[in-house]
Amino acid sequence: MTAIFVSADWLHEHYAEESVQVLDARMLPPGQEAVRDITAEYLAGHLPDAPFFDIEALSDHSSPYPHMMPRAERFAVAMRELGVHSEKHLVVYDEGSLFSAPRAWWMLRAFGVEQVSILSGGLQGWKAAGLPLATGPVTQPEGEFDAIYDETQVKRLTDVLLISHEGGAQIVDARAANRFKAEVDEPRPGLHRGHIPHSLNVPWNDLVANGTLKPEAELRAIFARAGVRLDEPVVASCGSGVTAAVVILALTALGARNVTLYDGSWGEWGSRDDLPIEKP
């Protein structure tokens, strides 16, 4: 089984191998779009030959909700254009916060890529190790990419509504506690405060330290404190389906099997006036 994480040293050692390909999956947290240009930041410094896996651009733009999964054909075309090969060992990274690389890891796996890892420490860790960077756009020959979408990885609103009413799985919300508890406004305008009834809160950044997951014992303790049982199904949710993938990553690292993602997340649920909302 492919390792969830690879170290900067491992990647540097294997960088020239034909079977390894690196993707830059950095992304801006909501609310920072007005003050930062993520494409310009990518062009100013990225790992050599790493195309920009732009989660924003790779979303379904026909949906009113942010970061919804694209259709398999569209994703495959986009990957081929980036020069990505689905048979290679793909290594994804973000700025070093572990904010967005798990979403790229999850998307690639959901579209059938068998070998995907995350660069531990991300761009920050790579820089700290004094390893080389490149600037400017990356152009690669067209890749060979077959997207085989596993729709069982994704839950839709009707699924989550049923689970919230009747059980059958645990809904785990990765948003910050003050958002989950309806103490602050959502960073995206127009959304209600609160959370899906009967959901549990495990803020994604509680699971992360230094651009990687916390040690296994700490992760187990965090989930246990939140009331999450690792041997029962989990549906992960968050603001827009991005940091929910951190919860999926952590649960996968702990050996949990039946873990899916509510792709609409609070961006969908919290925008509606006809759904139940819990406010502590």
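Just a few scattered comments:
- Each Lys or Arg adds one and each Asp or Glu subtracts one; over the other residues with Cβ under 10 Å from the Cβ of ARG175, this totals 0.
- Angle between the chain longest axis and helix 72-82 axis [Cα atoms, degrees, rounded to 10]: 30
- The figure for TRP269 is an accessible area of roughly 0 square angstrom, using a 1.4 Å probe on the protein chains alone.
- The stretch 5-149 - share of DSSP beta bridges that are antiparallel (%, nearest 5): 10
- q = 0.16, 0.18, 0.21, 0.23 Å⁻¹: log10 I(q)/I(0) that the Debye formula gives for the stretch 154-265, counting C-alpha atoms only: -0.67, -0.85, -1.16, -1.37
- Crossing angle, helix 157-166 versus the chain [Cα axis fit, 0-90 degrees, rounded to tens]: 40
- Rolling a 1.4 Å probe over the protein heavy atoms of the stretch 200-246, with every protein chain left in place, gives an accessible area that is 49 percent carbon and sulfur.
- Accessible surface, the stretch 152-270, averaged per residue in Å² (probe 1.4 Å): 40
- Qualifying trypsin sites (Lys or Arg not before Pro) in the stretch 215-280, where qualification requires a DSSP coil assignment and no more than 15 other C-beta atoms within 10 Å, comprise ARG229, ARG257, ARG272.
- With every protein chain in place, the stretch 110-164: carbon and sulfur % of accessible area (1.4 Å): 48
- Between helix 216-225 and the chain there is an angle of about 20 degrees, using the helix long axis and the longest principal axis of the Cα atoms.
- Here is the list for the stretch 1-73: GluC sites (Glu not before Pro) lying in DSSP coil, each with at most 11 other C-beta atoms within 10 angstrom of its C-beta, are GLU17, GLU18, GLU33.
The values are calculated or read from the model by the stated rules, or taken from the named source; none is laboratory data. Given the structure is predicted, the values throughout are model-derived calculations rather than measurements. Neighbour counts run over all protein chains shown; Cβ positions are idealised from the backbone, glycine included. Surface accessibility is based on the protein's heavy atoms, side chains included, excluding ligands, DNA and RNA. Shrake-Rupley method; radii C 1.70, N 1.55, O 1.52, S 1.80 Å.
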